[in-house]
Amino acid sequence: MMKKRKQWILLFCIALTVCLASGAMLYVRQKNNNKKWSLIYIPKTEDGTNDFWTSLISGTRMAAQECGASLTILAPEREQDVERQNEFLAEAIEENPDAILFSPSSFDASDELLQEAKEKGIKITFIDSYTESNIQDMTVATDNLEAGKLLGEYARTLLNENSRIAIVSHVKGVSTAVEREQGFREGLGDYNKNVVEVVYCNSLFDKASQLTEALIEKYPDLEMVAGMNEYSAVGAARAVQKCGKEGEIQVVGVDSSQEAVQLMEKGVFKGIVVQKAFKMGYLGVMETVRMLKGKPYDENVNSGCQLVTPENMYSSEIEKLIFPFNVLGAD
């Protein structure tokens, strides 16, 4: 009888422990669902003249509003201002948010600060680009190799085996520049040997234009200029138009802006690989909050891209891409 009583007591204790554990888990889950998560996003810049960053940041803000998160944006005035970006990163760490969303302008200059954030228990989401160390909890970005390759494959159809090509890139060594150029060269295939020079504009429209003008003068038989981001592509297109070379030099690029669309209508741009910037920012926040709530999440989220040409630019699907606030609906 005593033995049976002990067994019942043991079973009761086990059942009670299970109930308490389940209740605690339910409480934590409910608390996480109702919590107002604090997020700080540090993009490369908040430049009103750049449609990519304007659209991406708009996506983060809409997502934060929808999921009830607190979002602070800290952004340098210039995309290549690594020092200022790191100052904002140090400031964000002091604020001790639940997560820092970061678009690194350098491949390695922010790693020490990011490690400090990690040690404080702050979750880290990379948006658009990443660093040398695998320190992030999540990355939401375009597959830049894919984007570059898509552009290169299309560019090859516009050229012949003797065509001379120049690349105007943005910031030397940053992950997006490295991967897009690599993908572009892969897409060109054996035409890769025709790339005569690569220059870097430090994500400045005017510098991209100046560099392109110099390339046009240096290579009179140049047939194509490929820009690796919005600054470099639009700057290059402006130079080609200024020099009256629209019929001789074809411009292709990565990223999109309303100016790029207008230049395509005028015959300057022959192809643009458009990133889904709004969607990238939106998913960056939504997936980060999902991670903070303890729900299953992907460590690498590809926000996607699409080739826009004069032949498809007026389709309804493409309009969702080139008008930023509709980008979210373009899958």
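The values are calculated or read from the model by the stated rules, or taken from the named source; none is laboratory data. Everything quoted here is computed from the prediction, not taken from an experiment. Methodologically, a virtual Cβ is constructed for each residue, glycine included, from the backbone with ideal geometry; neighbour enumeration extends over all protein chains shown. Each accessible area value is taken on the protein alone, full model and side chains, heavy atoms only, with ligands, DNA and RNA left out. Shrake-Rupley method; radii C 1.70, N 1.55, O 1.52, S 1.80 Å.
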Which of the lysines could be linked to Lys207 by a straight reach, that is with a Cα gap under 24 Å, when you skip same-chain ones fewer than 8 residues away?
Lys44, Lys172, Lys218, Lys242, Lys245, Lys266, Lys270
Name the most mobile residue of Val198, Val268, Val171, meaning the one with the largest mean-square fluctuation, in a Gaussian network model of the chain with Cα contacts below 10 Å.
Val198
Scattering profile of the chain at q = 0.08, 0.09, 0.11, 0.14 Å⁻¹ [log10 I(q)/I(0), Debye over alpha-carbon scatterers]
-0.42, -0.51, -0.70, -1.03
Over all directions, how big on average is the projection of the convex hull of the alpha-carbon atoms in region 246-286, in square nanometres?
2.9 nm²
Hey, any idea what the orientation-averaged projected area of the convex hull of region 127-269's Cα atoms comes to, in nm²?
8.3 nm²
Rounded to 0.05, the calculated FRET efficiency for the beta carbons of Lys193 and Ser70 at R₀ = 51 Å is 0.45
When N is the residue count of region 46-124, what does its C-alpha Rg come to as a fraction of 2.2 N^0.38 Å?
1.12
If you take all C-alpha pairs in region 157-240, what percent of them are over 21 Å apart?
23 percent
Averaged over every viewing direction, what's the projected area of the C-alpha convex hull for region 188-308? Give it in nm², one decimal, please.
9.1 nm²
Dimensionless Rg/Rh of region 61-206, both radii on Cα and Rh by Kirkwood, sits at 1.06
Cα centroids of region 283-323 and region 55-86: how far apart, whole angstrom?
17 Å
Residue (of Gly253, Val285, Pro220) at the positive-pole extreme of region 204-289, dipole from beta-carbon charges:
Val285
Could you check which residue among Ala214, Ala99, Ala63 shows the biggest mean-square fluctuation in a GNM of the chain with a 10 Å Cα cutoff?
Ala214
As I understand it, the dipole of the chain uses +1 on the Cβ of Lys and Arg and -1 on the Cβ of Asp and Glu, about the Cα centre. Which of Val196, Phe126, Asn160 lies farthest toward its positive end?
Phe126
Which order do peptides 222-233, 251-262, 46-57, 185-196 fall in by mean Cβ count within 10 Å, highest first?
222-233, 251-262, 46-57, 185-196
Once the piece of chain linking Glu317 and Glu87 is laid out straight, how much longer is it, given 0.36 nm per residue of separation minus the C-alpha distance between them?
78.8 nm
For each pair in Lys35/Lys295; Lys36/Lys293; Lys36/Lys123, compute the distance between the two Cα atoms and list the pairs where it is over 18 Å.
none
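So between Lys295 and Asp111, what do we pick up on full extension, going 0.36 nm a residue minus the alpha carbon distance?
That works out to 63.6 nm of additional length.
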Cβ-placed point charges (K, R +1; D, E -1), dipole of the chain about Cα centre in debye, nearest 20:
2200 debye
Carbon/sulfur fraction of accessible area - the chain, other protein chains in place, 1.4 Å, %
51 percent
Surface accessible to a 1.4 Å probe, per residue, for the residues of region 29-159, Å²:
43 Å²
Please compute the contact order of region 116-219 in relative form: average sequence separation of alpha-carbon pairs under 8 Å and at least six residues apart, divided by the residue count, as a percent.
26 percent
